[in-house]
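Engineer: Before we start, here is the structure in question, set down as C-alpha cells.
The values are calculated or read from the model by the stated rules, or taken from the named source; none is laboratory data. The model shown is predicted, which means the values in this text are computed figures rather than measured ones. All Cβ positions, glycine included, derive from the backbone under ideal geometry; neighbour counts span all protein chains shown.
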Amino acid sequence: MVNCSKCGSELSEDTQYCPICGEQQFPDEPEEVPELPMKWYRFVIHFQLFAAALFSAANALNFFSGRVFGITNRDGLKAVYRVYPELQPIAVITGILYILAGLFALYVRKQLAEYRKDAPMLYIISLGVSILPYLVFTIGESVVTGSSLGDIPGYAAVVIVLVMLYANHLYFSKRKHLFVN
Ligand SMILES: [Zn+2]
C-alpha cells in the first residue's frame, strides 16, 4: 500500500492520480546504488583461483607419487602399499579429485571474469570442492589404516573453508546484480 502524497489516502501501488483529491502520484525515485568495492573480486580472478589451481596440481602430484605419506623412496612406498593395499587406489583417486578441483577452479575463474550469472554460486561451490579431496583421503586413510581421523592443519583448513564460504556468500549476494551475462 502507498499513500497519496497530498492527502494521505490509501492508494493501490499503480494508481497515477489520487481518486480522492486528484493529486498526481510520482513513484519513488530509485535509490542511488553506491558503487561497491570490488577488490576481493579482482583478487579472486587475478590471483586466488590461479593459486588454487596450482595448489591442486601440486597436491595431485604428491598423491600420485605417494609423497603424501612422507616416504620419498620407491621401496619404502611399495612396503606401505603392501601393508595397506587399499591406500594406493585411495591416493590415486585423491590425486584425480585434486586435478578435477584445479580444473574447476580455472573454469569458475573464467565464469567470474565474464560476470556470468551463475559465477558467484559456482565460486562458492568451488570453495567447497577444494576441500573435498582432502576429506575423501582422510576418511579413506582412517578406514584403511585405523589411524585417527584427520589432523590439526586439516581441521583448520576445513574451518577456514567454511568461513570463506559464508563470507563469500555475503560478499556476492550484495553484488548479484553485477553478474548478468
Ligand atoms: Zn489524495
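Engineer: Counting only residues that are without any contact (Cβ under 8 Å) to a residue 12 or more places away in the chain and either surrounded by 12 or more Cβ atoms within 10 Å (Cβ to Cβ) or of a type in the set (S, T, Y) (or both), how many does the stretch 150-167 have?
Structural biologist: Residues that pass the stated criteria total 5.
Engineer: Is it the case that some residue within the stretch 28-38 is over 33 Å from the mean Cα position of the chain (by Cα) and more than 23 Å from E141 (Cβ to Cβ)?
Structural biologist: Yes, the stretch 28-38 contains a residue that is over 33 Å from the mean Cα position of the chain (by Cα) and more than 23 Å from E141 (Cβ to Cβ).
Engineer: On to the next question. Tell me the residue from P120, P85 that is more than 20 Å from Q48 (Cα to Cα) and not hydrophobic (A, V, I, L, M, F, W, C), please.
Structural biologist: P85
Engineer: Within the stretch 99-121, count every residue that is under 24 Å from G154 (Cα atoms), under 12 Å from the mean Cα position of the chain (by Cα) and surrounded by fewer than 19 Cβ atoms within 10 Å (Cβ to Cβ).
Structural biologist: Matching residues across the stretch 99-121 total 0.
Engineer: Could you grab me the full set of residues in the stretch 168-181 that are more than 16 Å from V129 (Cβ to Cβ) and surrounded by 15 or more Cβ atoms within 10 Å (Cβ to Cβ)?
Structural biologist: Y171, F172, R175, F179
Engineer: Give just the number: which of (1) at pLDDT 95 or above; (2) outside the structural domain of V136 (by TED's automatic domain parsing) does L106 not satisfy?
Structural biologist: For L106, the failing item is (2).
Engineer: Considering only the stretch 6-18, how many residues are loosely packed, with under 12 Cβ neighbours inside 10 Å, more than 8 Å from the ligand (Cβ to nearest atom) and either hydrophobic (A, V, I, L, M, F, W, C) or not in a strand (DSSP E or B) (or both)?
Structural biologist: Going through the stretch 6-18 one residue at a time, the tally reaches 4.
Yes/no per residue for (1) in contact (Cβ under 8 Å) with a residue 40 or more places away in the chain; (2) under 28 Å from A157 (Cβ atoms); (3) touching a Phe, Trp or Tyr at 6+ places or on another chain (Cβ under 8 Å):
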position: M1; (1), (2), (3): no, no, no
position: C21; (1), (2), (3): no, no, no
position: Q24; (1), (2), (3): no, no, yes
position: P37; (1), (2), (3): no, yes, no
position: Q48; (1), (2), (3): no, yes, no
position: A58; (1), (2), (3): no, yes, no
position: L77; (1), (2), (3): no, yes, yes
position: P89; (1), (2), (3): no, yes, no
position: G95; (1), (2), (3): no, yes, yes
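Engineer: Is one or more of the residues making up the stretch 58-67 in the same structural domain as Q111 (by TED's automatic domain parsing) and assigned to a loop (DSSP other than H, G, I, E, B)?
Structural biologist: Checked the stretch 58-67: at least one residue is in the same structural domain as Q111 (by TED's automatic domain parsing) and assigned to a loop (DSSP other than H, G, I, E, B).
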